[in-house]
Structures are given as structure tokens and as C-alpha cells.
1. Note down the nm distance, to one decimal, between modelled labels 7 Å out along Cα→Cβ at B:Tyr235 and at B:Asn44.
2. To test your reading of the geometry: what angle, between 0 and 90 degrees and rounded to tens, separates the Cα axis of helix B:121-136 from the longest principal axis of chain B?
3. Could I have the simple spin-label model distance between A:Asp91 and A:Lys247, label points 7 Å from Cα toward Cβ, reported in nm to one decimal?
4. Using a Gaussian network model on chain A with a 10 Å cutoff between Cα atoms, which of A:Phe59, A:Phe162, A:Phe143 fluctuates the most?
5. Could you grab the Rg to Rh ratio for the protein assembly as shown? Cα atoms only, Kirkwood for Rh.
6. If you take each beta carbon of peptide A:148-158 and count the beta carbons of other chains within 10 angstrom, what is the mean?
7. How crowded by other chains is B:93-104, given as the mean number of beta carbons from other chains within 10 Å of each beta carbon?
8. Tell me, what does the Kirkwood hydrodynamic radius of segment B:15-104 come to in angstroms if you use every pair of distinct C-alpha atoms?
2 protein chains.
Amino acid sequence: MKIISSANELKKYLREQNKSIGYVPTMGALHEGHISLIREARKNNALVVVSIFVNPTQFLAGEDLQKYPRRDEADKKICELAGVDIVFMPDTQALYFDDEVKIVAPNVRGYVLEGATRPGHFSGVLRVVMKLLNIVKPTHAYFGKKDAQQLNLIELMVKHYFLDVTIVPVDTVRDSDGLALSSRNVYLSKEERQEALKIPKSLYHASKMISNGIIATQEIEAEMLAILEPLEVGYVAIVNREFEVVKEVSVGNCIILVEALVGSTRLLDNIWL
Amino acid sequence: MKIISSANELKKYLREQNKSIGYVPTMGALHEGHISLIREARKNNALVVVSIFVNPTQFLAGEDLQKYPRRDEADKKICELAGVDIVFMPDTQALYFDDEVKIVAPNVRGYVLEGATRPGHFSGVLRVVMKLLNIVKPTHAYFGKKDAQQLNLIELMVKHYFLDVTIVPVDTVRDSDGLALSSRNVYLSKEERQEALKIPKSLYHASKMISNGIIATQEIEAEMLAILEPLEVGYVAIVNREFEVVKEVSVGNCIILVEALVGSTRLLDNIWL
């Protein structure tokens, strides 16, 4: 397994190889969710590239940029065991320049839901993803469905800017208790973790209501909010695959989303129906 | 010569060819300046692609988007005679989508000089150029030195987003009277055209002062402004090749810029020393 920190060195190496590339961009602190992305990449590409970069531009002032978990050595081991060919670990100076041309999230779709809670967050995500996709030039790039809105916006960016890459959404991986895996779960105390389980519970409950024929999203959201109490809920929303809020659930074209604060940790979860 | 209006058709065709591509993006109303870009492209690439697209996002409200000269049939003839292989003539719907991810010019370098006169203009330019470069994926892309700040910002975008293209600056072409060629020259009345000649005159004068050993930019700019009177001058500026305003001219690293209003037509010109 190669470890590369220079963008130009990585570009040069990959262009010389001239093989199909599966790419998994990450912020490190790798868990089973990332491993499942790597596994998907391994199936369908000659080369698998993982990047590990805690992207400063997607953190707002006062967010957890400084304390975001960093575990470079463990991450490299995990990549090696998962059959990764190249780990790209740039520092900030390798990716960012003074007084940059910027990428800005869409006016509407970039500033609702998670984009309303964290205004500017998605612009930072899109900015680094544009850079990374251009450096790696992958055949396929793998993103978790857990960050559903991020995934949707990246798909939009690929469309709007005619990028030659196939974005592959990968199912969320959950712990045995149902909590969606996230690098931020390490912030949770034992008690908070118990409280956090209300999030997947609310989603399973919504899914059950829908199986029972209830399609009015207002009704579903009200019962979800009751289950989530007393958590501070950022949003509960039901959208279609284009991320438009809908009034009635249409199975096969529906994502149910929750964002809630557990202690001081913001957690995201969703199910795709 | 092929005429293509669909972005996906062009992408597909060019990827199949798998040849070196020289690309000249234009807004049509082609003149000798464009032809010299095409000639440069013809020299060093197997395929030459010209795009003709009057990009709405780079016009500010109240600017000349509607009356911008359009001469599709003449332009196609000019391209054919100049040995162009493919003319890409998309309509707006082929390049733009609802609620888009946007490209925004740098905070400083995108909002000085021409960017101060036309705030937002360069964001529109960069946005369409990012799209076009991704569609065409040229080996070389050719831009006129006449739009010096645009050229500088495009070079920055290529660097910041790791695009695999070489940007080739091409010298400004002038009419026999010295006026830099521009599609907007057609707006000038006979009298205005005479007045407009003060622009290249001021630049030649500056160049002569510098040959005579004068390097204080303040002094040079003062004499240029005197020559330009009574035109309404947007700016006279002396910058280095990184587009930073300098106090002393350093030959080999200097661009002298003028923007002035002649009648109701804004004209740009510059010399590189």
C-alpha cells in the first residue's frame, strides 16, 4: 500500500497507471461504515484510493475542527487490511491556496435541512470534493447514504460541472444497538449513547407506519418527534430522492431524515424507502 | 467540420477520439483575435474545438447580454476556413441547471479592477469555463491576453482545482489603427472609434516611458490619464503577472491595464512588458 501526501505526486502516479479507480474520500477515524465503502470500491475497480483529510472549510466557526478525532496510524492499518492500494493524506497546504476560487452550494438545496443548521458547511464539502475528484479522477467515487444531503449535492455538482465520475451511494452501517456509525459517536458518554438510540428508533417507527399504509408526512413526523423527546431536534424531514420536502410518502422515492443534538454532539441519521 | 450542440454528445465524441485537443472558448462574433487563438490551437493539437456561447452569468443586470453581437452563420464559416474540427454551440439549457452549485471568483483578485467595475462578472466567467473545460477536457485551452485578469483568474482556477489542462495565453490582435480587436468594437460610432484610440496611445506612451527608464507607476499612470482625457476611465493600473498592483515597474513581470468608457461602450486594453 502506498501512502502519498502530495497532490501532484498522486496525480502523476494515477495517470501513469491508467487503470479504473475506485475512490473513497474520508476525514479519517475510519469505522465499519468506511470499510463498507472500501469493500464496494474493491469489487469494481483495479485500484482503490482512500483519502484521509479533515477538511477545514466544511467546519463552521465554533464547530469541532480541532477536536475531530484523528487516528492516522490506526487508519492506515485499517486501509491496509481492507485492501486499499493508495492512501492519500494531504495536509491543508497541499489542497488549499491563498485567495481561492470557491465552490458555493446551491441557493436552495444547499441551505435547507443540514445546510440550514450549518450554513456554509456544504460549500466547504463541495469545494474539497471538487479538488479531490479532479486530483484522483476516479471511475467510481463512494459516499455513504448516511450523509444523504451531502450525497445529493455531490451528485448535483457532478451533473452541473459535467464531471466524468460515477457516484456510488452505499448503505449506512449500524452498530448492533441500531446507532448509525459515525466518527463523532466517540464523543458520546454511555448515557448519551442510550439517548441517541431514539434516533434510529424514530426512523424504524416511521418505516413501520409507512408499511401500515400511513403516508401523510405530517402525521409520521409528529410521532417521530414524540419518540425523539427530550432530544433537541435540529430537523425531522421527509424528502424525495431529489431532496424536495414532500407531503405524502411515495415508497421507492423517499428519504426520512433526522438531525438531533445528543449532549453536545450533533447526530445525523436517515432511512431510504 | 462538425457542429455539436449537446454537451453529452460532444463529451462522448471527444472521449472516443482520444486525441490531443486544442480548445478555444468564445462568445462568437469572431474576429482576427479569435482566429489567432484558433491558429495557435491548430499548431499543437490533433483536434481543434471552438465553442460559441454567449454566457448569461457573466453579464451583470443592465449590461449588453441582449444586444451582444450574434453572428452564428458567419462564425461557422470563419471556423471552417480556420481549420476547426468541431464547433460546440450549446444553448443555455445545455449548460445550466436549476439551483446550481456555483463557482465564485476569489475574494480579492476577483473583485479588483475589472472585478470592481463589474462585481460578479468573473464568477460567471469561471463558472462557465469550469463547465466547458470539463466537457471538452482539452490538452491546451487558448485565451487572449487582452482579457488579462480573466486569464489570470482562469489560471488560478486551474491551479486551485487541479485541472489537467495547459492554459495558453495568446497576444492581443490590433487593427491597423492600433485599437485592440473586440467583439464590442461594433458598438462604436466613427467618432467614438477615434476617441477609443486614446487607449492604445496611452499604453504605447507608458511603454515608451518605461523604455526611457521611468519605473514609478504613479508617474506613468498620471501621464496615461492625461492622454485618456476626456474619456471616463474605469481604471488605469500597473500590476505584476500575479495581478498585484505594484509601485515600480519590473520589466518581464508587468502588465499595464486600461479600462475606459467610450460613448456607452466599455473597452479594455493592456500591454505585457
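Every read-out reported here was derived from the displayed coordinates using simple, explicitly stated rules and does not represent laboratory data. Please read all numbers here as calculations on a predicted model, not as lab measurements. When we count neighbours, we look across all protein chains shown, and the Cβ atoms used for this are built from the backbone with ideal geometry, even at glycine.
1. So the label points at B:Tyr235 and B:Asn44 sit 2.8 nm apart.
2. 30 degrees
3. Spacing of the two 7 Å Cα→Cβ label points: 5.6 nm.
4. So, out of A:Phe59, A:Phe162, A:Phe143, the one fluctuating most is A:Phe162.
5. When Rh is taken as the Kirkwood radius, the ratio is 1.04.
6. Values: counts 0, 0, 0, 0, 0, 1, 1, 0, 5, 2, 2.
Other-chain Cβ atoms within 10 Å of each residue's Cβ, averaged: 1.
7. Details: counts 0, 0, 2, 1, 4, 5, 8, 11, 19, 10, 8, 7.
For peptide B:93-104, the averaged partner shielding equals 6.
8. For segment B:15-104, the Kirkwood estimate is 14.5 Å.
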